[in-house]
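> Sharing a structure here in structure tokens format.
Coordinate-derived values only; no laboratory data. Being a predicted model, the structure only gives us computed values, none of them experimental. A quick note on method: Cβ atoms are made from the backbone with ideal geometry, for glycine too, and the neighbour counts reach across all protein chains shown.
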2 protein chains.
Amino acid sequence: MVRGKTEIKRIDNDVSRRMSFVKRRAGLLKKANELAVLCDVDLGVLVFSDHGAGAGQPSDYCSPHTSWSELIQRYETITNVQLQDTYDDEDEDADDQMFMFKEIVGLRRERDRLQASLRRQTGEDLPSGATKEELDTLDQQLELALAKVRERKDKLMDQQLDESYHKVTVIL
Amino acid sequence: MVRGKTEIKRIDNDVSRRMSFVKRRAGLLKKANELAVLCDVDLGVLVFSDHGAGAGQPSDYCSPHTSWSELIQRYETITNVQLQDTYDDEDEDADDQMFMFKEIVGLRRERDRLQASLRRQTGEDLPSGATKEELDTLDQQLELALAKVRERKDKLMDQQLDESYHKVTVIL
DNA sequence: TTTGCTATGTATAACAG
DNA sequence: TCTGTTATACATAGCAA
């Protein structure tokens, strides 16, 4: 933050504001991940790119071992505040049913989307029209995942070696 | 962050972990506010203090001019694609409601399971108690996926080379 | 436990290509 | 618009009281 303290007010310049947005959003999501992992807590971050009824995809982070739906449910339970809008018209029953119906439709779609992602991620079902860029991205993701798995395996082996070593010293 | 780089893994010491949690949570919420104000965007942060079904009140931040319910609604609207299916407004009885309710519960569970699989598959969230066998299986799956992606890339390259070749022959 | 300090690592505003 | 660099502000781990 060069040149004096950063005053916390809307950045007027469009270019600067967008640049700041991209950088700070990345920073926020990174911090969120660090907090979740270091302190072993559940949390979620949800960021929309433009504050109108915007077009852009939101970014979000959800800590390991949980999910947005779970976070929201817990929040509701604890605060006793209803976060998800329920329809509040004259005919409550019909509106409840409408809500549930939409929920089911949405959930089925999301399930399908997730299943497709999973199939793609396991190479079972690569999109036939995939471009080189898409394949490269997937390749990188898989390499990264593989590196993480192997790092974990190495740690596990080291741990076991260490245990064996201790056993040996005890025996000796 | 005195004494060497901070490795991003669970802090084992209880006292240190709680201290870090309080400090980092404050930092995260502050950053969230700065991002919302400086860049004029909508966002929310939700943090639970302990990751069990815990007792602690959650902390949250929600950007000015919006609310959690609005954020969640927008997120669902955008993420779930369109909810264009028609809703049958006939009288539905309690059995139907029960059915729908069970369907929702089941679908949410499945979604969570799929999200977890996906995170595991991308190495984002390897189960902490994973055995060597599990890790080996995952390793093999990833290798397989990588091989398929690369095979596809090779085909794509060959195809493009082939096209170039034909162009050349036509020109000649 | 909570508060405050400080050395050091990190995030990022401004700029350049 | 995106990417990389750098100087500076900011966040925070480890202590101490």
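> Explain nothing, just compute: Karplus ³J(HN,Hα) = 6.51 cos²θ - 1.76 cosθ + 1.60, θ = phi - 60°, for every residue of the range A:138-154 in order, whole Hz, x for Gly and Pro.
4, 3, 4, 4, 5, 4, 4, 4, 4, 4, 5, 4, 6, 4, 5, 4, 4
> For the range B:16-63, divide the Cα radius of gyration by the Kirkwood radius and give the resulting Rg/Rh value with two decimals.
Working: Rg = 12.1 Å, Rh = 11.6 Å.
Dividing the radius of gyration by the Kirkwood radius yields 1.04.
> How high is the FRET efficiency from residue B:69 to residue A:7, r the C-beta distance, R0 41 Å, rounded to 0.05? Mind dumping the intermediate values first?
Values: r = 31 Å, r/R0 = 0.75.
Result of the calculation: an efficiency of 0.85.
> By the scheme Lys and Arg +1, Asp and Glu -1, what is the net charge of all other residues having a beta-carbon under 13 Å from that of residue A:18?
Values: positive: A:10, A:17, A:23, A:24, A:25; negative: A:12, A:14, A:50, B:40.
Summing Lys and Arg as +1 and Asp and Glu as -1 gives +1.
> Do the alpha carbons of any pairs in B:5/B:132; A:148/B:132; A:148/B:9 sit beyond 24 Å of each other, and which pairs? Could the numbers behind the result be given before it?
Working: B:5/B:132 28 Å; A:148/B:132 14 Å; A:148/B:9 13 Å.
Check vs 24 Å cut-off fails for B:5/B:132.
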